[in-house]
1. Please find, among A18, A10, A14, A44, the residue that is open to solvent by less than 60 Å² (accessible area, probe 1.4 Å), in contact with an Asp or Glu (Cβ under 6 Å, 6 or more places away or on another chain) and at pLDDT below 75.
2. Please find, among A147, A75, A121, A64, the residue that is out of contact with any Gly (no Cβ under 9 Å at 6 or more places or on another chain), open to solvent by 60 Å² or more (accessible area, probe 1.4 Å), small (G, A, S) and more than 22 Å from P211 (Cβ to Cβ).
3. Applying the selection to the range 80-96, what residues are over 13 Å from A64 (Cβ atoms) and within 18 Å of the chain's Cα centre (by Cα)?
4. Considering only the range 95-108, I want to know if a residue exists there that is of a type in the set (D, E) and assigned to a helix (DSSP H, G or I).
5. Only one of these is touching an Asp or Glu at 6+ places or on another chain (Cβ under 8 Å) and open to solvent by 40 Å² or more (accessible area, probe 1.4 Å): A140, A152. Name it.
6. Quick check on my filter: what residues within the range 171-183 are in contact (Cβ under 8 Å) with a residue 24 or more places away in the chain and outside any helix (DSSP H, G or I)?
Amino acid sequence: LGDPTAAVEALQRARVPAAELGGDDLQLIWLATAREYAGDPQAARDTLASVLAGKPSAHHVVLARLRLGDLDRRAGDVHGADRQYRHAEQAACLAGEPDGPFRAAHRAAGALLALARDDTAAAAAEIRAAPPDAAQLAVAVAALSSARGDPATAAAALGAAHRLRGAPDPLNPDITRLTAQLNDQDNAAAYADARALDRSAATALVRDACPR
C-alpha cells in the first residue's frame, strides 16, 4: 500500500461488485488495513467491527480478529490484543484449520504481543512453534532480534520478509518502527542481501535466525 488514501478509495469502490457477487468481507478487511495505514485506526476498528457484525465465514473472522488484535497491541492495549488473538485462534479451530495457513500469523502475533510485554522468552517460544516460510513470522523474528540487541539479524529478517511477501510493506507500523531502529548503512546492506535471496533461501534464513 504505497498510497493508503488511494487504496481506501479503490477498496471502497471494489466493495460494490464484491457485494453483488455474494460478499465483501475480504475487501472490508483490506479496507481496514488501508485505513490504519492512512492514519485512522478508529476507522479501521469500525470497519472490522462491521465484518464481525455480519455473517462472516470463519476464515474472515480469523482475519478480522487478528487485525483487531494488531490494532490493540499497537495502541498499547495488551489485554485487548490477547483477547482478540484468542478469538482468532478459536475461529481457526472452528474452521478446522488450527495448524493451517493461519498458524504462522497466530504465532507471529503472539510473539509480537510477548515483546510488547517485554517477554523475549515467550516471544521465542511462539516463533519456534511456527513454520518459517511466512513474512509475518520473519517480521516477528526481526522484532525479537532487535529486542535482543542483534540489529544485523533483525535487518536480514526484514529483508527475508520482503522476499517472502513479494513486496515491501513500508506503512505497516511494526515494520516502520523496526526500520527506524535499524536505519544505518550496515543494516541496509543486510536487508538488501536478504531481499535478493530466492524464496527457499529466505525461508532458510528465517529458520536459522529463529531462536533455539
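The values are calculated or read from the model by the stated rules, or taken from the named source; none is laboratory data. All figures in this text were calculated on a predicted structure; none of them were measured in a lab. Glycine also receives a Cβ, built like all others from the backbone with ideal geometry; neighbour counts cover every protein chain displayed. Areas reflect the complete protein model, heavy atoms only, side chains present, ligands, DNA and RNA absent. Shrake-Rupley method; radii C 1.70, N 1.55, O 1.52, S 1.80 Å.
1. A18
2. A75
3. Those that are over 13 Å from A64 (Cβ atoms) and within 18 Å of the chain's Cα centre (by Cα): G80, A81, D82, R83, R86, E89.
4. Looking for residues that are of a type in the set (D, E) and assigned to a helix (DSSP H, G or I), one finds none in the range 95-108, hence no.
5. Only one candidate passes the filter, namely A152.
6. L171, N172, L182 - these are the residues of the range 171-183 that are in contact (Cβ under 8 Å) with a residue 24 or more places away in the chain and outside any helix (DSSP H, G or I).
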